Structures are given as structure tokens and as C-alpha cells.
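Below you'll find the structure, written out as C-alpha cells, and then a few comments.
Bear in mind these aren't lab numbers, they're just calculated from the coordinates by the rules spelled out. Keep in mind the model is a prediction, meaning the values are calculated, not measured. Methodologically, a virtual Cβ is constructed for each residue, glycine included, from the backbone with ideal geometry; neighbour enumeration extends over all protein chains shown.
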Amino acid sequence: MVANFGNSRMGRVFPDVEPEPSALVDDLLESIRCFGAREIELPTFQGRILAALIAGCSTEALQRHVMRALSQQTDQPLARKTWPERDYTMQVIYIGPHEVHPCHCHHNVVSTQMVLAGRVFGREYERVRRRADGTLLLRPLSEGWLAPGDYLQASEMSRNVHWFAAGDEPAAMFNLNIRGFEHDTFDPRDGRPLGRRLLDPTVGADQGLVVAREIGVAEAYERFGARPLTDFPLPVAAANATRDSALDTLAQSRT
């Protein structure tokens, strides 16, 4: 396996992408507008994003992006916009065979990822607190395979940390993230860059929690970018091994 530094944005500014006209993109943009204007709260926003994806994941427009991502082996942006203090990106991301997105947390990011093709092995954690030495204490929440329809949703104070990789075959995943939209943040809002903070969660355990230290991009990909997650057993068992599935969510909404 070859480390792919390109799957980490890490402070880079990408050019704006005009929204592609589709019902899915229109619904997502309207939800972003409402959340940014404080017309809706975070749980409502995330619920709307998920509902729009459930309705749109099998549409011809989105499936065209999935096929293009897999055939071209590149991410397929649907819309992107950057302002001085916030931005959003929606895209279908390509994850090559065995490609790893090393463990990372986020500063002021709300995101939804849904697997659309292939399978992805993932772990989720929640940040609990920082120790005096600056390391993070994490609560492992789940680990396992994500199949099409399975999803991850993260926010500043919920399920903020994840680590995932594709299996033997390539995968495509829908990704929506908005950055800079939350007022209350885990770390101070002191001008620090938005987005990923790469982590080494193999330091050890402390009172039933995982100890993790922040590391740089080069170290993260050197240590974790070419190895499966199973090479690094959890020092603390995950709270549960269940996966969130859009198909289950849709079934529940109809009962």
C-alpha cells in the first residue's frame, strides 16, 4: 500500500465549485443555509442532511458521480464554497484499495459520510477531554465494516474522531462537511485552522479511555497510511459494534 497524502485537506484552500443543479444538492444547500442562519439547530440539520441523502443516494445524478469516481479514481466535487471564516464541501470521495484515512479529529466541523460503493472499515471515537500534557482522552464508540448505506455523522461535541480505510476493493463515499459553523467548540476559537487534526491513538489507555496525541501529516501517513486498522488493536473496547445504516433509518421513519 502507498500512503495517500492527498486525502487530507489539512489547511489547504481549494477553489470554489459551482453547485451542480440537482434536487439533492438543492436540499443540502438549503439545510446549510438554514443552519448557518441559526434557523435550525444541529440535530435538525444533521437529520435533514441524512434524509436528503436517503432520498437521493440512488438517483441517476449521484450514481453518475460514483461511477466517475471509481473509473477515474479521483474525488468528484458537487459543490464547494469558502468564506473568510467558514466553508462547505460536498463531494463523492474515492478511496482506493487499502487506502487509509489515518485517525483524526476535527476543529469546528460538522460532517456526514455515507458509503455508496464498496466497503470501508471504520472506527469512531468521542473526545472526552485534554490532559495537562495536551494529549486527548478518547472514548471508542464503534468499529466495523461499513457497507453501502452505512454512514458516519460527526460534530464538534459528538463522534468527532474517526479512522477508516477501504478493503480489497475500491470504495466511494459521499462526504459533506461544513467548517466554522459552530459557536461552542471543544478547543478555543482562537484563530486556529479549521478541519482535521491527525492523531496517534496508540499511546495507551487511561481509566478506560484511549490516550491520543496530535501528530503531523508526514508522521501520520508514515505510521498508519499503509497498514490496516486491525494492525492496531483498540486498547479499550468500543462501546458498541453496531453501524448506523441509512436503510435502517429509512425503515424506522416509515413505522
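What the table shows:
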read-out	value
Anisotropy class of the chain from Cα gyration tensor, a/c 1.5 cut	rounded
Exposed GluC sites (Glu not before Pro) absent: longest stretch of the chain, with sites in DSSP loops and at most 12 other Cβ within 10 Å deemed exposed	86-255
Exposure rule at most 11 other beta-carbon atoms within 10 Å, DSSP loop trypsin sites (Lys or Arg not before Pro): the chain longest free segment	39-253
Label zone at A61, where the point sits 7 Å out along the Cα-to-Cβ direction: the range 74-88 residues whose backbone N lies under 13 Å	78-79
Cα gyration tensor category, rounded, prolate or oblate, for the range 193-239 with a/c compared to 1.5	oblate
Alpha-carbon gyration tensor eigenvalues x 5, square-rooted, for the range 103-142, Å	25, 12, 8
Farthest positive-ward along the chain dipole, Cα basis, beta-carbon charges - from T44, V217, L152	V217
Net lengthening on full extension, Q207/D187 (0.36 nm per residue, minus Cα-Cα)	5.0 nm
